[in-house]
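Handing you this structure, nothing more for now.
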Amino acid sequence: MSSAESRQPVAEGFWGDTGKTGLGSWIFSTDHKRIGLLYLYSVTGFFLVGVILGLLIRIELMAPGKTIVDAQTYNALFTVHGVVMIFLFIIPGIPASFGNLVMPIQIGARDVAFPRLNLFSWWLYAIGALVVLTSLFTGGGAPDTGWTFYVPFSARTGTNVSLAVFGVFILGFSSILTGVNFVTTIHRLRADGMNWGRLPLFTWSLYATAWVQILATPIIAITLVLVIAERVLGAGLFDPGRGGDPIMFQHLFWIYSHPAVYIMILPAMGVISDIIPVFSRKPIFGYKMIAASSIGIAAAGSLVWGHHMYTSGMSDTAIMVFSFLTFIVAIPSAIKVFNWVSTLYKGSISLEAPMLFALSFVLLFSIGGLSGLILGAAATDIHVHDTHFVVGHFHYVMFGGTGFAFFAAAHYWLPKFFGRRYKEKPAIVGWAFMFVGFNVLYWTMQVLGMHGMPRRYYDYLPEFAPLNFVATVGSWILATGLVIVLVNLVKGLKSGEPVGENPWGGATLEWQIATPPPTENFEGDPVVTHGPYDFKGVVKP
Amino acid sequence: MEKHLMTTTEAIDPVFMFILGSCLVLLIGITAAMVLFVVRYHRSRAPEPTSQVDGSLWLEVVWTAFPTLLVLGMFYYGWSSYLTLRDVPPNALQVTAVGRMWSWNFLYQNGKNSPKLYVPVGKPVQVALESKDVLHGFYVPAFRVKRDVVPGMKNHVWFVAPKPGSYDIFCSQYCGTSHSAMIATIEAVPAEQFEAWLKETKATGAQHPALALLEKHGCLGCHSLDGSQKVGPTFQGIWGRKTDVKTAGKEHEIVVDEAYLKRSIVEPNADVVEHFPPVMPAFAGVLTEEEIRLIIDYFKTSAGGAKLDGAKLAREKGCLACHSLDGSKGVGPSFKAIFGTKVKVVRNGKPEMATVDETYLKESILKPSAAVVDGFPPVMPVEDDLSPDEVSALVQFIKELK
Amino acid sequence: MSHEHKDNVGAKLGMWLFLFTELLLFGGLFILYSVYLSRYPHEFTSAGKELNVVFGTTNTVVLLTSSLFAAMAVTSIKRGEKKTTLSLLVATLACAATFMVIKYFEWTAKIHHGIYPGSPKLAAGPPGESVFFSLYYITTGLHGIHVLIGGALLAWIGTKVQGGRLNAGNNVMLENGTLYWHLVDLVWIFIFPLYYLIL
Amino acid sequence: MSQESAEHAEHIVSYKTLVGVWVALLVLTVITVAITRAELGALKVWSALAVASVKSALVIAVFMHMKYEARLFRIILLVALVTLATFIGFTFFDVLYR
Ligand code: HEO
Ligand code: HEM
Ligand SMILES: [Cu+2]
């Protein structure tokens, strides 16, 4: 598009250069950028739903006894909160939205390997989401099993578990197909000169993630089918009365769901690895180690699922093996953290919104990850398992980690695709609220857990009341920050200042093309001649 | 206490201190480095980067090796201390904890059961864990022990209460509507007091000499006293019971009386109760006339005469976890003055009115999901191990609650 | 559009990745099988005796033959023998149909004998047997669904061969379709000894 | 990408090879049935699995053209198989020692 130079307020780019507009041009588009945005909108929508449910949970826990809902509703609340956050927000979150938007451009491709399959994945996501939502209002009502669907309870409860589980099954296939697409794309569609040593770390992380999606997700798919078989056919595969073993369900569930936590965090780590060098104007420290550790996490992460089952009655031998491997899998994460911090050393650091989110990611992820070590050790996990300590742990890594990385990515990349940017001040104020509120909320919950307050508890003993109140106040501070950040972002992208091709001074390919990118991404075939973090010759913004 | 026995708390807490401490040190280190770099190399102070170094082999080696050693230490310490939790001291007191939706019950070896877990101070206690329905978790925060209660699986925990006092037991594994109400208490009391409690509250009938006989001759191996189904018919409420028996291949109904009982003991295969195998050994010559008298008297008075205690059943079977006795709303409707009222229920998906009478109550106990009272969740578990007598006792109990 | 170039290797790579997914989908069931076999070796043996080895063996032969036809179809289309390709595909489908018919008879016979998941007869029997048969039904059922999907896929591809859209120069779709079909065969190669023979 | 287009110089497998593999598969089927009739005890499972593995190797190599594909394909196949094997194997750390 030659019109990119003669820019009026903002060039059209992929938003209009094909001449197609209207809903149909979006939901039937095979353009990776449009699909990426479809995912971005849906994922953000479900994030907001999940947040509202989370806030309701916190309000209920503000004081002992009944505050706003009854016990059964509370159980449905945290179940739906967990299911929405895990399967509808965080797993597709970064890979399907920002991965789709950015990854093909980063490797110099015009699209992913299978554009139509890509669109199909989004449709599966939409259908799966719809089925999950339908389950809330039909049959016996919203599922009340917790997001882990443990048998025998999930096989017995009268709520609409079968439909919800079926929805998650569909979502699993959406995730698998995205993985298939990304692996093929990264193998086949790299531009000339884009060798594996020049792959941006975000793309590296997506590559590792995609493998986990392909190899682990089918296990949850079949497990969920078995839950339905248990409920509908009375198959008895997990029913101790009929020779089944409920512990086997937990094995199958975690064979997927532990690797799934790396589906959640690896792309986030990729985002951070791309942002920190740009805002320090320094090459990333230890590129090869960071890339290799992504693969290492993906591989070793498939071998530690048993650490969720220390109290289940699993054999002590298994506890020993899984505990050992859990500690091993922490090492590649440690390597990443040390390399990120070292990248800052002797750089030229500018604390704009993406960087603030990125740096707070490092901190919050470290807190979450280090608390993971307490959970990984057999002796200490026994005490804090199934308490709010675990809830704190996973919110630190999932929300403080992936959630903050999601916002870092939004502030970093979205101006490129919308051609306009948000205001810096409100972004920073919003970030500050989020950061403070987040720690007040979840640090407190971890302390509660150490004092022995179990999770999934509607009601609790009076001695836990003061800290619970503090945590609830934290959730309000966090929510305030979220509102500020989101409003500012949406307003800015709609009507903010136009941005140029390269607002941050990035060296990866997405910053070398027009803003917003044209449908074809590149004019002609790009040829890559330098690494992703080589800032020589990149103009400082 | 002869020798100091390491408590579970003493085994776990040092590991906590070690891992938590190392983590805090690391966290503070990383935070300090980040803040330092961000301040020192902020663009306002460092307009251009002063280094373009993009890696260092020896640094990578250091920060791979150092965490590796540290986590190996954590692993080993964590694992070896965990073994303390698994290593039950010899001579531990044996108790069984039975978890059901949504209550606990504790069984002692002498047959005594109690909704509170009484234990002697300073003596190790091994708790065998048994679930009647779904997963539960036996969690005592004060002793740092937790173990899932899995149907069909033999799990256990052990602990020792160092000081007299009450300690909370939580259900840690999510188990449905009233999961958070599934709380019980450990009462740790001095050893002598515990012994006294255990004896004094020993099942009332145990003093009866006939019971000793029934135990001694193995009768209780096949006949229960509590209505549960075993190889032979239960002794519970046997006196005056009507049953079908087969005499010389022919069926007919009898009423259990003295003559019948006597014959059944001396010559068991003369009349065999329907649906039971004819496997009972004859006790002619084994039991004296005197002893048989004693047993029959016992059946007349205690086992048969003493009615099942509905109130006790309601507590033991966990009904009271959801149904209050004082009119307050729980997960299910309160039992108070419920008999005779009219309630709106949902049957087969359709609302209708029902009168709470005996039939209705019986159905609600045996098939809870058939008719669910409007406004309450359909979560009541099916109690499939209730005997007909127990159901009647429960109905009677509810009927009498004014 | 300019970027719709053909990348046969890419297409096959994608297909293989998807096949791994399918493999692990069955993998979940094989995990359960191995665990329960080690826990109930005797019950598995006696339950396995109930399965009909003749049906099982026949179906193995049928599926192997169908795989042969499918593989030959790829060779023939690359040689430009359109007619042969079509007949080979039809033969593959015929085998698929035979397989399903035999499976139908096998299942109905079992169900007639009161053997199906959750049946009162199994509930009364030893626990391991009920597990065996539940696994048997779910595994072969899932496999049967794959036979149907694979058959439909090949039929659809057949119409494209017929219409000439797939030909000697452009046949990766047929190759991918047969790859899927071979996966169905691969899974059966393991189901057969594990359920029918180990007794 | 230009250097890669050389890598799929198409390989056409002859009918003869295919039929040969098919015959081998049938023979192996007979062998499985035969050895599982014999009294081998626990070995029975392993030998049946061994034959099944040989059969699937044949199908993958020839019917599915793995023999003629780039090395990448063989590597990823190995990754998938190893993953499945570890999932099964690691479960047995629990099952065998419980
Ligand atoms: C994004 C998701 C995510 C991530 C990345 C992680 C990362 C880790 N997790 Fe977590 N987890 C996640 C999500 C969850 N975890 C859970 C539960 C859980 C449990 C079971 C707890 C229980 O139920 O009792 C354990 C043992 C762990 C361990 C770990 C470990 C060791 C890591 C490691 O990967 C962390 C590595 C990071 C580190 C170590 C910090 C950075 C390094 C530094 C600062 C340098 C110094 C480090 C060293 C010296 C090692 N997790 C649950 C609960 C599920 C449920 O029951 O509902 C969820 C959802
Ligand atoms: C404002 C934001 C949020 C609040 C206030 C919040 C609050 C909570 C609370 C209090 C619980 C524990 C409920 C209990 O155990 O009784 C919980 C559970 C959970 N949360 Fe959040 N949360 C928030 C955001 C998130 C995010 C962003 C994610 C994931 C990306 C997430 C994932 C989960 C999951 C998986 C559970 C477990 C549900 C279960 O036990 O089945 N939450 N949340
Ligand atoms: Cu995990």
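The values are calculated or read from the model by the stated rules, or taken from the named source; none is laboratory data. Remember, it's a predicted structure, so these values are computed and weren't measured experimentally. Here the Cβ is made from the backbone with ideal geometry for all residues, glycine too, and neighbour counts use every protein chain on show. Calculation scope for accessible area: heavy atoms of the full protein, side chains included, ligands and nucleic acids excluded. Shrake-Rupley method; radii C 1.70, N 1.55, O 1.52, S 1.80 Å.
Using the Kirkwood formula on the Cα atoms of the protein assembly as shown, what hydrodynamic radius do you get, in angstrom to one decimal? Each step should come with its number before you reach the end.
On the way: mean 1/r = 0.0297 Å⁻¹.
It is 33.7 Å.
If you don't mind, another one. Which of B:ILE238, B:ILE254, B:ILE338 moves most in a GNM of chain B, Cα contacts under 10 Å?
B:ILE254
Once each part is reduced to its C-alpha centroid, what is the distance from the stretch A:129-169 to the stretch B:87-109 in angstrom?
Computed from Cα coordinates, the inter-centre distance equals 33 Å.
Under unit Cβ charges (Lys, Arg +1; Asp, Glu -1), what dipole magnitude, rounded to 20 debye, does the protein assembly as shown have relative to its Cα centre? Mind dumping the intermediate values first?
On the way: 92 positive and 86 negative charges, 443 e Å.
That gives a dipole near 2120 debye.
Can you send over the carbon and sulfur percentage of the accessible area for chain B, probe radius 1.4 Å, protein chains only?
Numbers: 12020 of 19920 Å².
For chain B, the apolar C and S fraction of the accessible surface comes to 60 percent.
State the antiparallel share, in %, of DSSP beta bridges confined to the stretch B:93-204, rounding to the nearest 5.
Antiparallel bridges make up about 70 percent of those DSSP assigns within the stretch B:93-204.
Mind checking which lysines have their C-alpha under 24 Å from A:LYS491, skipping anything on the same chain fewer than 8 residues away?
Partners within reach: A:LYS33, A:LYS416, A:LYS423, A:LYS425.
How much accessible area is lost when chains C and A come together, counting both sides, with a 1.4 Å probe, in Å² rounded to the nearest 100? Please list the in-between numbers first.
Values: alone 10380 and 20560 Å², together 28100 Å².
Buried area (both sides, nearest 100 Å²): 2800 Å².
If you roll a 1.4 Å probe over the heavy atoms of the protein chains, what accessible area per residue do you get for the protein assembly as shown, in Å²? If you can, show how the numbers build up before the last one.
Values: 46940 Å² over 1240 residues.
Computed with neighbouring chains in place, this is 38 Å² per residue.
Please compute the modelled spin-label separation between D:TYR15 and B:ASP374, points set 7 Å along Cα→Cβ, answer in nm with one decimal.
Placing both labels 7 Å along Cα→Cβ, they lie 7.7 nm apart.
Where the convex hull is taken over the Cα atoms of the stretch B:310-400, what is its projected area averaged over directions, in nm²?
Values: hull surface 21.1 nm².
Here the figure is 5.3 nm², rounded to one decimal.
Could you state the orientation-averaged shadow area of the convex hull built on the Cα atoms of chain A, in nm² to one decimal?
Working: hull surface 95.4 nm².
For chain A, averaging the hull's shadow over all directions gives 23.9 nm².
Roughly how much accessible area, to the nearest 100 Å², goes out of reach of solvent when A and B pair up, both sides summed, probe 1.4 Å? Please report the intermediate quantities before stating the final value.
Working: alone 20560 and 23500 Å², together 37000 Å².
Summing both chains' loss of accessible area gives about 7100 Å².
I need the semi-axes of the equivalent ellipsoid of chain C: take the C-alpha gyration tensor, multiply each eigenvalue by 5, square-root it, list largest first in whole angstrom.
Values: eigenvalues 282, 64, 31 Å².
Semi-axis lengths for chain C are 38, 18, 12 Å.
Points 7 angstrom from Cα along the Cβ direction at C:ILE145 and D:VAL30: gap in nanometres?
Using points 7 Å along Cα→Cβ, the separation is 3.7 nm.
Continuing with the same structure: Rounded to whole Hz and in sequence order, give me ³J(HN,Hα) for the stretch A:206-222 from the Karplus expression 6.51 cos²θ - 1.76 cosθ + 1.60, θ = phi - 60°, writing x for Gly and Pro.
Once θ is set to phi - 60°, the couplings for the stretch A:206-222 become 5, 4, 4, 4, 4, 5, 5, 4, 5, 8, 9, 4, x, 5, 5, 4, 5 Hz.
Each label point is 7 Å from the Cα along the Cα-to-Cβ direction; what then is the distance between the points at B:ALA196 and A:VAL487, in nm?
Each label point lies 7 Å from its Cα, and together they span 6.9 nm.
How tilted is helix A:161-188 with respect to the longest principal axis of chain A? Cα atoms for both, answer in degrees (0 to 90, nearest 10).
That works out to roughly 30 degrees.
List, by residue number, every residue in the stretch C:135-181 with a reduction of 40 Å² or greater in accessible area between the chain on its own and the complete protein assembly, 1.4 Å probe.
Buried-area filter returns C:ILE138.
For B:VAL149, enumerate residues with amide H under 5 Å from its amide H, sequence gap 5+ or separate chain, H modeled in the peptide plane.
The answer is B:HIS136, B:GLY137, B:PHE138.
Mind pulling the angle between the C-alpha long axis of helix B:8-40 and the longest principal axis of chain B? Nearest 10 degrees, somewhere in 0 to 90.
Its long axis makes an angle of about 30 degrees.
Compute the orientation-averaged projected area for chain B from the convex hull of its Cα atoms and round it to one decimal in nm².
On the way: hull surface 133.0 nm².
Orientation-averaged projected area of the Cα hull: 33.3 nm².
Let me ask something additional. Expressed in whole Å with the largest first, what are the equivalent ellipsoid semi-axes of the stretch D:13-96 derived from the C-alpha gyration tensor as the square root of 5 times each eigenvalue?
Values: eigenvalues 143, 107, 5 Å².
Taking √(5λ) for each eigenvalue gives 27, 23, 5 Å, largest first.
Under 5 Å between amide H atoms, partner at least 5 residues away or on a different chain: which partners does B:GLU267 have, H built in plane at 1.01 Å?
B:PHE283
In the stretch C:66-199, carbon and sulfur make up what percent of the accessible area (probe 1.4 Å)? Display every interim value, and only then the final one.
Values: 3300 of 4630 Å².
Solvent-exposed carbon and sulfur of the stretch C:66-199 make up 71 percent of the total.
Which value, in Å² and to the nearest 10, is the accessible area of D:LEU78 when all protein chains are kept and the probe is 1.4 Å?
110 Å²
Next question. Run the reach check for C:LYS110 against lysines, Cα to Cα strictly under 27 Å, same-chain hits fewer than 8 apart removed. What comes back?
C:LYS49, C:LYS121, D:LYS44
Suppose R0 equals 30 Å. What FRET efficiency, 1/(1 + (r/R0)^6) with r the Cβ-Cβ distance, do B:ASP309 and B:ALA92 give to the nearest 0.05? Mind showing how you got there, number by number?
Numbers: r = 31 Å, r/R0 = 1.04.
Calculated value: 0.45.
Still on this structure: Roughly to the nearest percent, how much of the accessible area of the stretch D:13-96 is carbon and sulfur, given a 1.4 Å probe?
Values: 3130 of 3980 Å².
Carbon-and-sulfur percentage of accessible area, whole number: 79.
Can you grab the distance from the C-alpha centre of the stretch C:148-199 to the C-alpha centre of the stretch C:37-73, Å, no decimals?
If you average the Cα positions of each part, the centres end up 18 Å apart.
Apply the Karplus parameterisation 6.51 cos²θ - 1.76 cosθ + 1.60, with θ equal to phi minus 60°, to every residue of the stretch A:422-431 and state each ³J(HN,Hα) to the nearest whole Hz, in sequence, with x for glycine and proline.
So the Karplus estimates, Gly and Pro as x, are 7, 7, 6, 4, x, 4, 6, 4, x, 4 Hz.
Students often forget the sequence filter, so: which aspartates and glutamates lie under 16 Å Cα-Cα from B:LYS262 once same-chain residues fewer than 8 apart are removed?
B:ASP271, B:GLU289, B:GLU290, B:GLU291, B:ASP297
Based on DSSP H runs of at least 4 residues, each adding -39500 (n - 2.57), what is the mean residue ellipticity at 222 nm of chain C after dividing by all its residues, to the nearest 500 deg cm²/dmol? Mind dumping the intermediate values first?
Details: 7 runs with 159 residues, N = 199.
That comes out to -28000 deg cm²/dmol.
Another question about this same structure. Of C:LYS82/D:LYS67; C:LYS83/D:LYS67; B:LYS112/B:LYS154; B:LYS116/B:LYS312, which sit over 23 Å apart, Cα to Cα?
Details: C:LYS82/D:LYS67 25 Å; C:LYS83/D:LYS67 27 Å; B:LYS112/B:LYS154 21 Å; B:LYS116/B:LYS312 14 Å.
In this structure, C:LYS82/D:LYS67; C:LYS83/D:LYS67 exceed 23 Å between Cα atoms.
If you average 1/r over every pair of different alpha-carbon atoms in the stretch A:1-149 and take one over that average, what Kirkwood value in Å do you get?
Working: mean 1/r = 0.0564 Å⁻¹.
Every distinct Cα pair counted, the radius reaches 17.7 Å.
Under a Cβ-only charge scheme (Lys and Arg +1, Asp and Glu -1), can you give me the dipole magnitude of the stretch C:1-132 about the Cα centre, in debye to the nearest 20?
Working: 11 positive and 8 negative charges, 70 e Å.
In debye, rounded to 20, the stretch C:1-132 gives about 340.
What does DSSP give for the protein assembly as shown in terms of the percent of beta bridges that are antiparallel, rounded to the nearest 5? All intermediate terms of the calculation are to be shown ahead of the outcome.
Working: 47 of 61 bridges.
Percent antiparallel among DSSP bridges in the protein assembly as shown is about 75.
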